[in-house]
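The values are calculated or read from the model by the stated rules, or taken from the named source; none is laboratory data. Keep in mind it's a predicted model, so treat the numbers as computed, not measured. Don't worry about glycine lacking a Cβ; one is built from the backbone with ideal geometry, like all the others, and counts go over all protein chains shown. SASA here: full protein model, heavy atoms, side chains in, ligands and nucleic acids out. Shrake-Rupley method; radii C 1.70, N 1.55, O 1.52, S 1.80 Å.
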Amino acid sequence: MRLAGDLVAIDCMMAGMDSLVAAYVVPGERVAVIETGPATVAATLTEGLRSLGIGPADVAYFVGSHIHLDHAGGAGDLVSAFPSATIVVHREGARHMADPSKLMASAYRVFGSRLDELFGPLRPVPSDRLRAVDDGDRLDLGRGRFLDIVYAPGHARHHMAVQESETGVLFVGDSMGVYLPEAGVLRPATPPPDFDLSLALSTLERYRSLSPAGLYLTHFGPAPAEGDFLGVAAERLVRFGEIVREAMRESEDLDFVTERLIERTRDDYAVVWNDPKLLAKFESLNAFRSSAAGYLRYFQTSNRT
């Protein structure tokens, strides 16, 4: 997918589904790729890069918006295939890239055997191939082009966004939620254990202050240019929170809260519930149960019920 300027999105075809996970290519003297996708798509991403004339020696950086497996799970495979590349993640998540044992154990508890099919294993990234960054850091791509790191907590404490200097577009990872372009709907992505509603809303305000020329979601593609998509994302975050908080006054059982969240938002996502293919995409990415669990934990631990 050709985007602003010379930017390109590669559809990683996670679990064989299109328009689900995007990796973004920033060409130049030192090529950068935003997001690796999971380990299961490493070969697909490699072939996509090859089709653009980008070979094993050409990539300088693979940048993960955060270390969840659908965003950085392919890093350990790609450092072998691209010997000149450095894996770049936020400093809060870097240790889990070098030693992913705890991350993988946690992921298996959530996904069970489905993890192997959806994501595959995150293999360790050698420490000398890993760069931990923080807010305000800059990746030099050569010839005056660079990527600015923007700390963007809320979805996870190790989440960051990346703004590209030539186009001004902002790669936002999961911080705005999951957008299905063929359905035209946006849903918050609020998984436990790190989701923080207050921080998530502050991150969206931070984005507004950056005046981005475009907003590129990992799931999936450019945000609609018309309207206030940042405002839509914030409104959805608040509304989901209100529904969960109200449900918790009756019960804090996760199944109950999940069903209430589905029930109260069903009309918003009718196009998805009526299409098994779209529903499969939604449920593979921060399913409603995961979203409910994130809010539930946030309210329980922050005493904001």
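To test your reading of the geometry: what angle, between 0 and 90 degrees and rounded to tens, separates the Cα axis of helix 254-265 from the longest principal axis of the chain?
Once rounded, one gets 90 degrees.
Calculated from the structure, volume of the Cα convex hull per residue in Å³ equals which of (1) 250; (2) 120; (3) 137?
Identified label for the calculated read-out: (2).
What figure, in Å² to the nearest 10, do you get for the accessible area of M13 with a 1.4 Å probe and non-protein molecules left out?
The accessible area comes out at roughly 80 Å².
Taking only DSSP H segments of four or more residues, each worth -39500 (n - 2.57), what value at 222 nm results for the chain once the sum is divided by all its residues, to the nearest 500 deg cm²/dmol? Spell out each step's value before the answer.
Details: 12 runs with 115 residues, N = 305.
One gets -11000 deg cm²/dmol as the mean residue ellipticity at 222 nm.
Please list, by residue number, every one of the trypsin sites (Lys or Arg not before Pro) in the range 115-176 that is coil in DSSP and has at most 16 other beta-carbon atoms within 10 Å. Present the calculation step by step, with values, prior to reporting the outcome.
Numbers: sites: R129, R131, R138, R143, R145, R157; in loops: R143, R157.
Within the range 115-176, the qualifying trypsin sites (Lys or Arg not before Pro) (loop, at most 16 other Cβ atoms within 10 Å) are R143, R157.
Just grab the label-to-label distance for A213 and D255, each label 7 Å out from Cα along the Cβ direction, in nm (one decimal).
Each label point lies 7 Å from its Cα, and together they span 5.2 nm.
Hey, got a sec? Which chymotrypsin sites (Phe, Trp or Tyr not before Pro) in the range 103-140 land in a DSSP loop and have at most 15 other Cβ atoms within 10 Å?
Values: sites: Y108, F111, F119; in loops: F119.
Those that pass, being in a loop and sparsely packed, number zero.
Against the longest principal axis of the chain, how steep is helix 42-51, in degrees 0 to 90 to the nearest 10, with axes from Cα atoms?
Helix 42-51 and the main axis of the chain meet at about 50 degrees.
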